Amino acid sequence: MKKEFDICVLPGDGIGNEVIEATLPVLEKLQRGAGFALRFKHHPAGAQHYKATGDALPDATFAAAKAADAILFGAMGWPEIRYPDGTEIAPQLDLRFRLELYAGVRPARAIPGVPPALADPRARDIDLVLIRESTEGLFASRGKGVVEADREARDTMVITREGSRRVHEFSFRLAERRKLRGKPGSVTCVDKANVFVSMAFFRKIFDEVAARHPGVAAKHHYVDATALDLVRKPWMFDVMVTENMFGDILSDQAAALVGGMGMAPSADVGDAHGLFQPCHGSAPDIAGQGRANPTATFLSAAMMLDWLADRSGNDALAQAAGKLERAVDTVFASGRMRPYELGGTDGTAAIRDAVLSNL
Ligand code: ATP
């Protein structure tokens, strides 16, 4: 059984550096005497690196990410640093496409003690996972959009049978695993099948995959109705699967329900590689002030441990993931820990130290 794992660490820009720096001591403490060893290796990439060298994702960094057992990622991008065509530096998108990280896993779980955005008491039961298809959809047009004669602009949505099949399969398997832990066992396909041929195709493949998973309830919801119901009754959702652009938008909305960007973890996984990062960006407005909430990165690191446990069969990693999630829950349960983004005065170091002392 595999016990040693190479972790490619890509801190990136702005608060990406701060939240990764807070997470490494947490992982170091978790692995002490735990039956597994993580070997961290930092590599450069991101907007500041592009500014300094003209390269946002060096070949050596990409090769290291590809060779590693998992990638731990901070945040990349900076508003004032852009490619000549005006688009932002986003190596995370390149990694998703080049490593075929087709499933963007975005859990939104209400953490006890963190005030939910909604007053309804059922908001404390929110525990959903949004799966964002991450290799095609409208993002397939990135770098390929056209402007004709300064009169008309076009970006093309691409939905393929294989791209849809694999992300739907992933979603149903996730719902099956969650059902074993007492969740409802449902997958909702979020689309706009009433208007677009591409979306009707996405739904058709969803229905084909659903037929192979009779133990999970398959549901359909239009994206506009989903935006409404994520505010009206988000506790009705279990696993949701959607197109890349819709998922980009709805995952931020879901994060807001459970305490904001600093509380929202994510994973981008494919059949061969996994990248784990907080949902938030580099947050230039608070960078360098020690105000970033590292909780999303702690929870992303827990997702990484769980994913490595699944792949390696090393249960010590799954136990460490559970321990980290419980430590986060304990820190917030009293209601006294308040990150800056929730109106409090607890910064990166205070939250890190509290989690460390609860491990
Ligand atoms: P991107 O385009 O990469 O999603 P963005 O700059 O649009 O990034 P974010 O950086 O994700 O947006 O976050 C928006 C705002 O939320 C930030 O400007 C910051 O004020 C706040 N924020 C984000 N992450 C955190 C965090 N970890 N802790 C505290 N506040 C945060």
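The values are calculated or read from the model by the stated rules, or taken from the named source; none is laboratory data. Just so it is clear, the model here is predicted, and its values are computed rather than measured. Counting neighbours? That spans all protein chains shown, and the Cβs are built from the backbone with ideal geometry, glycine included. Note: areas computed on protein heavy atoms with side chains; ligands, DNA, RNA excluded. Shrake-Rupley method; radii C 1.70, N 1.55, O 1.52, S 1.80 Å.
Go over the candidates His49, His43 one by one and state the one that is open to solvent by 20 Å² or more (accessible area, probe 1.4 Å) and either under 22 Å from the mean Cα position of the chain (by Cα) or not assigned by TED's automatic domain parsing to the domain that holds Leu10 (or both).
His43
Scan the range 172-192 for residues that are in contact with a Phe, Trp or Tyr (Cβ under 7 Å, 6 or more places away or on another chain) and aliphatic (A, V, I, L, M) and report the count.
Total satisfying the criteria: 2.
Rundown of residues vs (1) more than 13 Å from the ligand (Cβ to nearest atom); (2) polar (S, T, N, Q); (3) open to solvent by 10 Å² or more (accessible area, probe 1.4 Å); (4) at positive phi, yes/no style:
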position: Ser266; (1), (2), (3), (4): no, yes, no, no
position: Asp285; (1), (2), (3), (4): no, no, yes, no
position: Ala292; (1), (2), (3), (4): no, no, no, no
position: Thr297; (1), (2), (3), (4): no, yes, no, no
position: Asp306; (1), (2), (3), (4): yes, no, yes, no
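List pairs: first in the range 339-359 and open to solvent by less than 30 Å² (accessible area, probe 1.4 Å), second of a type in the set (Gly, Ala, Ser) and part of a helix (DSSP H, G or I), Cβ under 8 Å, 6+ apart or cross-chain?
Pro339/Gly262; Thr348/Ala22; Ile351/Ala22; Val355/Ala327
Would you tally the residues in the range 308-338 being open to solvent by 40 Å² or more (accessible area, probe 1.4 Å) and of a type in the set (A, V, I, L, M, F, W, C)?
Qualifying residue count, the range 308-338: 1.
Which fully enclosed strands (runs of 3 or more DSSP E) of the range 49-151 have 3 or more residues being away from the ligand (no atom under 16 Å from the Cβ)?
103-109, 127-133, 146-148
Just to be sure I understand, how many residues within the range 169-182 are open to solvent by less than 60 Å² (accessible area, probe 1.4 Å) and either assigned to a loop (DSSP other than H, G, I, E, B) or touching an Asp or Glu at 6+ places or on another chain (Cβ under 8 Å) (or both)?
Residues in the range 169-182 being open to solvent by less than 60 Å² (accessible area, probe 1.4 Å) and either assigned to a loop (DSSP other than H, G, I, E, B) or touching an Asp or Glu at 6+ places or on another chain (Cβ under 8 Å) (or both): 2 in total.
I'd like the residue in the range 268-281 that is aliphatic (A, V, I, L, M) and open to solvent by less than 10 Å² (accessible area, probe 1.4 Å) and, out of all such residues, is nearest to the ligand (Cβ to nearest atom).
Step by step, filter the range 268-281, then rank; the result is Leu275.
Among the residues of the range 11-20, are any surrounded by fewer than 19 Cβ atoms within 10 Å (Cβ to Cβ) and either outside any loop (DSSP other than H, G, I, E, B) or on the phi > 0 side of the Ramachandran plot (or both)?
No, the range 11-20 has no match at all.
Could you check how many residues of the range 18-32 are out of contact with any Pro (no Cβ under 9 Å at 6 or more places or on another chain) and farther than 16 Å from Phe5 by Cβ?
Counting residues in the range 18-32 that are out of contact with any Pro (no Cβ under 9 Å at 6 or more places or on another chain) and farther than 16 Å from Phe5 by Cβ gives 2.
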